[in-house]
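S.K.: Can you read through this structure? Questions will come right after.
FYI, it's all coordinate maths here, none of it is from the lab. This structure is a prediction, so every number in the text was calculated from the model and none was measured. In this analysis, Cβ positions are derived from the backbone assuming ideal geometry, glycine residues included, and neighbour counts consider all displayed protein chains.
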């Protein structure tokens with residue numbers, strides 16, 4: 001068996017059959033279950049559970065006390081805030097086995113999910129979307145959308161650097177930090193190349 005090229009704390013449990021990319025760090029009391037794929041340079045905080053067959057892209061940041069259940073795919077550069085959680089069955093019952101009904105959830109590149117948010121299964125999070133702390137997401141979230149509340153409602157748009165965008169009468173906005181320009185057209189935001 002080749003030397004591992006990632007770090008795992010001695011209290012972390014990593015089951016057989018996982019793929020873990022170079023430079024990834026897995027911290028105290030976390031459990032990585034079978035057949036997970038974790039990309040390069042990820043950071044998995046304390047007390048995290050990653051269920052079987054979850055896929056994390058490169059540079060995914062998973063903060064402490066997060067649960068990522070089977071059916072979840074996180075693309076590159078996703079941020080999962082402290083104690084946020086995904087679900088994977090729409091109508092769970094203790095006495096009813098619904099393991100064959102797991103719903104898929106995709107968190108697209110660059111999206112951020114705030115502390116204590118809940119993502120109800122089967123709803124995708126768009127690229128660079130920003131889910132506010134404590135939000136309960138019950139529907140798909142568009143690219144660059146800012147959503148907050150329970151149930152989560154869209155309250156604006158965010159730049160790739162995580163700043164709220166203010167669009168002018170021409171549907172144009174500029175990120176306060178990066179100075180990159182964005183266009184709002186037909187209810188969709190895109191970055192000007």
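S.K.: Among 94, 67, 51, determine the one that fluctuates most according to a GNM of the chain built with springs between C-alpha atoms less than 10 Å apart.
M.R.: It is 94.
S.K.: Determine the shape class of region 12-64: with a ≥ b ≥ c the square roots of the Cα gyration tensor eigenvalues, call it rounded for a/c under 1.5, and otherwise prolate if a/b is greater than b/c, oblate otherwise.
M.R.: Oblate shape, in that a/c is at least 1.5 and b/c is the bigger or equal ratio.
S.K.: Connecting C-alpha atoms closer than 10 Å in a GNM of the chain, tell me which of 82, 34, 92 has the biggest fluctuation.
M.R.: The residue that fluctuates most here is 92.
S.K.: Which of 161, 102 has the fewest other C-beta atoms within 10 Å, and how do the rest follow up to the most?
M.R.: The order, fewest Cβ neighbours first, is 161, 102.
S.K.: Residue 133 to residue 29: extension gain in nm, 0.36 nm per residue of separation minus the Cα-Cα distance?
M.R.: Difference between extended and current length: 35.0 nm.
S.K.: If you rank 44, 106 by fewest surrounding Cβ atoms within 10 Å, what's the result?
M.R.: 106, 44
S.K.: What is the fewest-to-most order of 86, 167, 7 by other Cβ atoms lying within 10 Å of their Cβ?
M.R.: Going from least to most buried by this count: 7, 167, 86.
S.K.: Please report the projected area of the chain's Cα convex hull averaged over all directions, in nm².
M.R.: The orientation-averaged projected area of the Cα hull of the chain comes to 12.4 nm².
S.K.: Shifting gears a bit: Given a 10 angstrom Cα cut-off, can you work out which residue in 75, 172, 160 is the most mobile in a GNM of the chain?
M.R.: Residue with maximal mean-square fluctuation among 75, 172, 160: 172.
S.K.: Here is a further query. Rounded to the nearest 5, what is the percent of antiparallel bridges among the DSSP beta bridges in the chain?
M.R.: 25 percent
S.K.: Compute the FRET efficiency between residue 188 and residue 106 as 1/(1 + (r/R0)^6), taking r as their Cβ-Cβ distance and R0 = 25 Å, and round to the nearest 0.05.
M.R.: Working from the Cβ atoms, E equals 0.90.
S.K.: Let me ask something additional. What nm value, rounded to one decimal, do you get for the distance between residue 155 and residue 10 when each label is placed 7 Å out toward the C-beta?
M.R.: Distance between the two pseudo-spin positions: 4.5 nm.
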